[in-house]
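The values are calculated or read from the model by the stated rules, or taken from the named source; none is laboratory data. Owing to the predicted nature of the structure, the values given are computational and were not obtained by experimental measurement. Cβ coordinates were reconstructed from backbone atoms using ideal geometry, including for glycine residues, and neighbour counts include every protein chain displayed. Protein only, heavy atoms only, side chains kept; ligands, DNA and RNA dropped before computing areas. Shrake-Rupley method; radii C 1.70, N 1.55, O 1.52, S 1.80 Å.
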Amino acid sequence: QVQLVESGGGSVQPGGSLRLSCAASGSITGISTMGWYRQAPGKQRELVASIGRTGTTIYAAAVEGRFTISRDNAKKSVYLQMNSLKPEDTAVYYCKMHIVLNDYWGQGTQVTVSS
């Protein structure tokens, strides 16, 4: 059974930085796309960034230039470096991995940006 475990969320002041991590465990033969999504209160879950197997990245316009997604295939992990954080980045952040024919989600980690 595949499990995704996230870490790295927390509270930070505007302009600060956080780094999220997500590691997969279980019987895994190959991971294609990895991504980060977020859901703010009262809003739909949205894509923040994704990265393909060969490193191709996609970013939401709201985070481009401030966030960086990366992956370590050997560690079955995906990371999100978040810089210049803004109050509107406050949300629960979820990682997602496409493994074989299925999508798997992490449990979510809270990121709060407030002064």
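Please compute the per residue accessible area over the chain with all protein chains in place, 1.4 Å probe, rounded to a whole number of Å².
Ligands and nucleic acids excluded, the result is 53 Å² per residue.
Provide, for region 22-115, the number of lysine pairs with alpha carbons under 20 Å apart, each pair being eight or more places apart or on different chains.
Within region 22-115, the lysine pair count is 4.
Can you give the alpha-carbon Rg of the chain over 2.2 N^0.38 Å, where N counts its residues?
The reported ratio for this selection is 1.01.
How far apart, in nm, are the 7 Å Cα→Cβ label points at GLN44 and GLN110?
Rounded to a tenth, the inter-label distance reads 2.6 nm.
For Cα pairs less than 8 Å apart in space and 6+ apart in sequence, what is the mean separation divided by the residue count of the chain, i.e. the relative contact order in percent?
37
Which residue fluctuates the most in the chain, going by a Gaussian network model with Cα springs under 10 Å, if the choices are VAL78, VAL48, VAL12?
VAL12
Note down the nm distance, to one decimal, between modelled labels 7 Å out along Cα→Cβ at SER11 and at VAL100.
It works out to 4.3 nm between the two label points.
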